[in-house]
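Beneath this line is the structure, given in structure tokens, with notes to follow.
The values are calculated or read from the model by the stated rules, or taken from the named source; none is laboratory data. Remember, it's a predicted structure, so these values are computed and weren't measured experimentally. Cβ sites come from the backbone with ideal geometry, for glycine too, and all protein chains shown count toward neighbours. Accessible surface areas use protein heavy atoms only, side chains included; no ligands, DNA or RNA. Shrake-Rupley method; radii C 1.70, N 1.55, O 1.52, S 1.80 Å.
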Amino acid sequence: MSTIPFKSDAEAMYNAEHFSGNLFDLLPEDHDCFVFKDLFEQLDTSEIEKKFSPRGQHAFHPKKLVSILIYGYTHGVFSSRQLEKRCTEDLSFMYIAGMNCPNFRVLSDFRKDNPEFFHACFKQTVELAIEMKLASLGHVSLDGSKFKADSSKHKAMSYGHLKEKEQALCEEIEVLVARANACDGEEDEEYKEKTGYELQEDIKFKEQRLETVKRAKEALEAREETLNPGKPINDKKQISFADTDARIMGKKGDFDYRYNGQISVDSDHQIIVGQHVSQNANDKEEVETALESIEKNTGKLPEKMSLDNGYESGGNLEALEQSSTEGYVAMGREGKSHGESLEESNRQVVKADFDYDEEQDCFHCPGGQKQELKSEDKNGNRVYQGDAAECAGCQYHARCCKSQKGEARTVNTDCHEGARQRMRERMEQEESKEVYKERKEIVEPVFGQIKNGGFRGFSVRGKEKVAGEFSLVCAGHNMKKIVKAIMTGAVRPEFGETALQGA
């Protein structure tokens, strides 16, 4: 049994019950806070309790802190100050807090300092949902959405500007130091009544600014070395001073520092069974991480997974093929057949009209010509091309070859064309189309529910802490789904009298 002197809810609840009767009798009998409270009691916080010391002041129990945070996130309250306010004014929040609300700084620090614990809480909500048969992993859909970082594009600087600013600050500090040394050795009429400390303060300020610029510059250089090893850095590349892990993301003129939140949603009751945060602006490298997250949280992989055409990259398709999950990925414009033959229409010839022969590593064009491998770069990008003379005599030449120099048609792809071709063939089947149709009803509404609930951006900085907060968001979503299932009678848990009454 724990010997950690956590603050007791019993005394606070006793005082509440003897304040003109039971204060919480004022809440409706079917209020969701009663069910949430029972669910929060199921959370295992034993690991994080080890971080607390029995010495010093009594600490707030981590179960209470995470309960307040999750309940707040499910009810559109994300600010630690607002959470503290609601816990002293709102009866449902007061019930969750046990009439013993922590200071907003305690809530804020707990959210910043315990990302791993929030991952564990999310996993527990997945396990609870599966135990209640709210998720079966029969069909899971993966999607991503951008959430604003706790930064601003106005608090950023390009690599070129960083280099200029670093040099300028160094020169300014040298001048100030020289002036300060001169003041030490002679009486300067310019300062008269002044002490000379003004120069020291100016030096200190500029040195601090220089340190900030250096840290941002080093972070940008490390980032670019990871993304483009050995390549020179473009002076237009930018980085945020506030959150160096955030990336510029957006479209149609709406660009800001954001993170890419990825969720894998089960089709049964829209339970999130896997999630992670990515720094990539697109979804071309997310499937492997998504599958790992699902397996970590559930102990197995889904039978089927549907994904939109943002995931059609070769790496994603290979990851699906190497797993036991049957993937259904929408193919982009180049991967779609047009449903009408070239002979029966005047449409343009597209890449989907070329058949890839994986065994011989070549393409066959609609005119019957063989497209041989012409070149391949170190990243696996390949170019296939046929014979210019044969192309010139082909019946589809006008609709296929666009070269002004009369060169043969080229087909660009990568080392994963075999996986892409197999997915294209699968997605042309009617059964696959029916499976894929379900995707919009599975995963897209979940992001709508999260964002319409008020969560549009993170309150913490740095990828590790952001990932922890995203786990908190997803845990809250799952809790909300479980509460709804209990209150509507879809499931009847064995724990908690109040929860059973609510069901």
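Using Cα pairs closer than 8 Å and at least 6 residues apart in sequence, work out the relative contact order for the range 352-503, in percent. Relative contact order for the range 352-503 comes out at 11 percent.
Could you give the length gained on full extension between Asn228 and Glu390, defined as 0.36 nm per residue of separation minus the Cα-Cα distance, in nm? Mind dumping the intermediate values first?
Working: separation 162, 0.36 × 162 = 58.32 nm, distance 3.95 nm.
Between Asn228 and Glu390, full extension yields an extra 54.4 nm.
Hey, any idea what % of the range 330-414's accessible area is carbon plus sulfur with a 1.4 Å probe?
On the way: 2180 of 5290 Å².
About 41 percent, which is the carbon plus sulfur part of the accessible surface.
What shape does the range 390-493 have by the C-alpha gyration tensor, where a ≥ b ≥ c are the square roots of the eigenvalues, rounded means a/c under 1.5, and otherwise prolate means a/b greater than b/c and oblate the rest? It is prolate, given that a/c is not under 1.5 and a/b is the larger ratio.
Placing a pseudo-label 7 Å from each Cα along the Cα-to-Cβ vector at Ser375 and Phe104 gives an inter-label distance of 5.9 nm. The modelled label-to-label distance between Arg456 and Gln208, using points 7 Å beyond Cα along the C-beta direction, is 3.2 nm. Beta bridges from DSSP with both residues in the range 354-503: antiparallel share about 100 percent, rounded to the nearest 5.
Ignoring aspartates and glutamates fewer than eight residues from Lys155 along the same chain, the ones with Cα atoms less than 19 angstrom from its Cα are Glu164, Glu166, Glu207, Glu211, Glu218, Glu221, Asp235, Asp243, Asp245, Asp254, Asp256.
Highest mean first, how do 138-146, 90-98 rank when packing is the count of other Cβ atoms within 10 Å averaged over residues?
Details: 138-146: 22.7, 90-98: 20.3.
Final packing ranking: 138-146, 90-98.
If both residues of a DSSP beta bridge must be in the range 251-336, then about 65% of such bridges are antiparallel.
Evaluating 6.51 cos²θ - 1.76 cosθ + 1.60 at θ = phi - 60° for every residue in the range 368-383, the Karplus couplings come out as x, 7, 8, 9, 8, 5, 9, 7, 8, 9, 5, 8, x, 6, 10, 10 Hz, glycine and proline recorded as x. For the peptides 117-126, 77-86, the ranking by packing is 117-126, 77-86, with the highest mean count of neighbouring Cβ atoms within 10 Å listed first.
Label sites at Lys300 and Ala398, each approximated as a point 7 angstrom past Cα along Cα to Cβ, lie 5.9 nm apart.
Here the calculated FRET efficiency for Lys433 and Lys163, from their Cβ-Cβ distance with R0 = 41 Å, stands at 0.20, rounded to the nearest 0.05. In this structure, the amide hydrogen of Val273, modeled 1.01 Å from its nitrogen in the peptide plane, lies closer than 5 angstrom to those of Ser264, Val265, Asp266, counting only residues at least 5 positions away or on a different chain. The peptide list 285-298, 396-409, put in order of mean Cβ contacts within 10 Å with the highest first, becomes 285-298, 396-409. Under the criterion of Cα pairs below 8 Å and six or more residues apart, the relative contact order for the range 259-386 equals 13 percent. Shape class of the range 266-387 from the Cα gyration tensor (axes a ≥ b ≥ c, square roots of the eigenvalues): prolate, since a/c reaches 1.5 or more and a/b is larger than b/c.
For Asp90 and Ser46, the difference between the fully extended length at 0.36 nm per residue and the C-alpha to C-alpha distance is 12.9 nm.
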